[in-house]
Amino acid sequence: MAKMVHIVHELMQEWMEEERCRMEQNRAQRRAYRARMEMLAAYSFEGGVRYASLNMAVPLLRRYFAGEDTRPNFRLSKASITSLLQLLNQERCHGWGPTIEVLVLLFWLASGASYRVVSRAFDMPRTTVHNVVHRVCGCVVVAMPRVIRLPSTAEGQREVSEGFARLARHGAFARAMGAIDSCHVRIKSPGEPHGQDYFNRKLFHSIQLQAVCDHAGRFIDVFVGYPGSVHDTRVLRHSPLFQSAAYPPPDTFLLGDGGYPCLLRPISLITPYKNPLRGVAQQRFNAHHARARSVIERAFGMMKTRWRSIFFCALEVDVSFVPDVIVCCTMLHNVCLGNDDVLPVDEEDPEEPVGGEDHGKTSSGGALRDSIADQLSALQCLPLDMIIVDKL
């Protein structure tokens, strides 16, 4: 009998210990729930709608709402973040709120950290961080045409042409309407059966970004998604810019490096003369061409400096999501330029262009290039304020 009582006593002790642990877990869950509810109760947005709060226990949010410099954590100034919020214009009365969700996306882009690390930084569930990043990134992509767009007005085109004339330091380049180039964005290997398609000539897996920028380094056209093994020329030929032939306008041209063919139709694309150069005229043309075209390299440099974790490390996301992330970075680049939010550019060695399989078949722009070279020989370099640009 005594032995049975002892056994019952031990069972009761075990049950009580399990019940105590269960109650402790419930209390911890209730504390976490109250913390989230406090975050959703105290922060009010415009219009008096109260649906998200600032959790002062989160250092990242405390620094942002205290007016401290946001660039160390989010890589954007406060003015740029405000412009982005106005651009997205997410009016909702539920969820975490547009401000906090945009900050989550920016911190994820700036740090290159995993969703788990970001969830700890913001005291959010990991699944919530994943959903926020994908949703807000999708909203940014939808808003992209309002930020990355081709100059359509005569005044805007004239501003671009005059800007390239100043960059080239010669009026012969007053018909340049943009500079085009591409860069490789590292990704993790997508695996078989298509993993080898993404393995590029630099011996890493990547997705290509083709971009056109204006004289100020703002992106005016982007095309993302081709695997790294595809040559720049083929990417160009399959891009909407080439297929539609809507830009540049007639009697104007884009500037590209030696990796592209020199074209006149369907779009006008002028590239430098290839070595060996023949005479001083070709040397002079290449020098002025390089001054004007280098703006696209500086634009890539500014974007890569801001989002180092995206462009210098392999993106640890599904390959189908990579184009959205890249487009998001290009749009944020334009938003920052619009707010004079510029970071010092890391100097990089320029890439050597690689010839494509179409070079021998497409040299229709050679006559136009020779004409510009003749103008360079006939005209003297003028002071910037004396460069006369014909109306387009």
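The values are calculated or read from the model by the stated rules, or taken from the named source; none is laboratory data. The shown structure was predicted, so the numbers you read here are calculated from the model rather than taken from an experiment. A quick note on method: Cβ atoms are made from the backbone with ideal geometry, for glycine too, and the neighbour counts reach across all protein chains shown. Areas reflect the complete protein model, heavy atoms only, side chains present, ligands, DNA and RNA absent. Shrake-Rupley method; radii C 1.70, N 1.55, O 1.52, S 1.80 Å.
Is it the case that segment 186-202 has a residue that's under 23 Å from the mean Cα position of the chain (by Cα) and under 30 Å from Gln283 (Cα atoms)? Spell out the reasoning first.
Filtering segment 186-202 for residues under 23 Å from the mean Cα position of the chain (by Cα) gives 186-190, 197-202.
When the remaining residues are screened for being under 30 Å from Gln283 (Cα atoms), the result is 201-202.
Yes: one or more hits.
Of all the residues in segment 301-323, those that are open to solvent by 40 Å² or more (accessible area, probe 1.4 Å) and more than 27 Å from Gly195 (Cα to Cα) number 0. Cβ-Cβ distances below 9 Å connect no pair with a first residue in segment 364-385 that is on the phi > 0 side of the Ramachandran plot and at pLDDT below 85, a second residue that is open to solvent by 80 Å² or more (accessible area, probe 1.4 Å) and of a type outside the set (Phe, Trp, Tyr), and a separation of six or more residues or different chains.
Of the candidates Ser206, Ser189, Ser161, the single residue that is in contact with a strand residue (DSSP E or B) (Cβ under 7 Å, 6 or more places away or on another chain), open to solvent by less than 10 Å² (accessible area, probe 1.4 Å) and free of Cβ contacts under 8 Å to residues at least 24 places away in the same chain is Ser206.
Out of all the residues in segment 256-281, which are more than 21 Å from His231 (Cβ to Cβ) and either in contact with an Asp or Glu (Cβ under 8 Å, 6 or more places away or on another chain) or in a loop (DSSP other than H, G, I, E, B) (or both)? Outline the logic, then answer.
First, the residues of segment 256-281 that are more than 21 Å from His231 (Cβ to Cβ): 276-281.
Residues satisfying the conditions are Pro276, Leu277, Arg278, Ala281.
Considering segment 5-110, the qualifying helices (runs of 4 or more DSSP H), each wholly inside and each with 3 or more residues that are surrounded by 13 or more Cβ atoms within 10 Å (Cβ to Cβ) and either on the phi > 0 side of the Ramachandran plot or modelled with pLDDT under 90 (or both), run over 59-65. Of the set (1) within 21 Å of the chain's Cα centre (by Cα); (2) in contact (Cβ under 8 Å) with a residue 12 or more places away in the chain, all apply to Val142 but (2).
A search for C-beta distances below 6 Å between a residue of segment 55-82 that is farther than 25 Å from Cys328 by Cα and any residue that is open to solvent by 80 Å² or more (accessible area, probe 1.4 Å) and outside any helix (DSSP H, G or I), counting only pairs 6+ apart in sequence or on different chains, returns Val58/Asp123; Arg62/Met56. Applying the set (1) part of a loop (DSSP other than H, G, I, E, B); (2) over 18 Å from Ser364 (Cβ atoms) to Asp251 leaves exactly one unmet item: (2).
Look through Leu167, Leu203 and report the one residue that is closer than 22 Å to Pro272 by Cα and aliphatic (A, V, I, L, M).
That would be Leu167, the only listed residue that is closer than 22 Å to Pro272 by Cα and aliphatic (A, V, I, L, M).
Would you confirm whether or not segment 215-223 contains a residue that is in contact with a helix residue (DSSP H, G or I) (Cβ under 9 Å, 6 or more places away or on another chain), farther than 22 Å from Asp340 by Cα and surrounded by 20 or more Cβ atoms within 10 Å (Cβ to Cβ)? Give the derivation first.
The first filter runs over segment 215-223 and keeps only residues in contact with a helix residue (DSSP H, G or I) (Cβ under 9 Å, 6 or more places away or on another chain), leaving 215-223.
The next check asks that each one be farther than 22 Å from Asp340 by Cα; those that pass are 223.
Next, from what is left, pick out any that are surrounded by 20 or more Cβ atoms within 10 Å (Cβ to Cβ): 223.
Yes, segment 215-223 contains a residue that is in contact with a helix residue (DSSP H, G or I) (Cβ under 9 Å, 6 or more places away or on another chain), farther than 22 Å from Asp340 by Cα and surrounded by 20 or more Cβ atoms within 10 Å (Cβ to Cβ).
Criterion first (outside any loop (DSSP other than H, G, I, E, B) and either within 20 Å of Ala174 (Cβ to Cβ) or open to solvent by less than 10 Å² (accessible area, probe 1.4 Å) (or both)) does Ile326 satisfy it?
Numbers: outside any loop (DSSP other than H, G, I, E, B): yes; either within 20 Å of Ala174 (Cβ to Cβ) or open to solvent by less than 10 Å² (accessible area, probe 1.4 Å) (or both): yes.
So Ile326 passes the test.
Pairs are defined by a Cβ separation below 7 Å, a sequence spacing of at least 6 or placement on different chains, a first member in segment 287-302 that is over 13 Å from Ala211 (Cα atoms), and a second member that is among the basic types (Lys, Arg); the pairs so defined are His288/Arg169; Arg291/Arg169.
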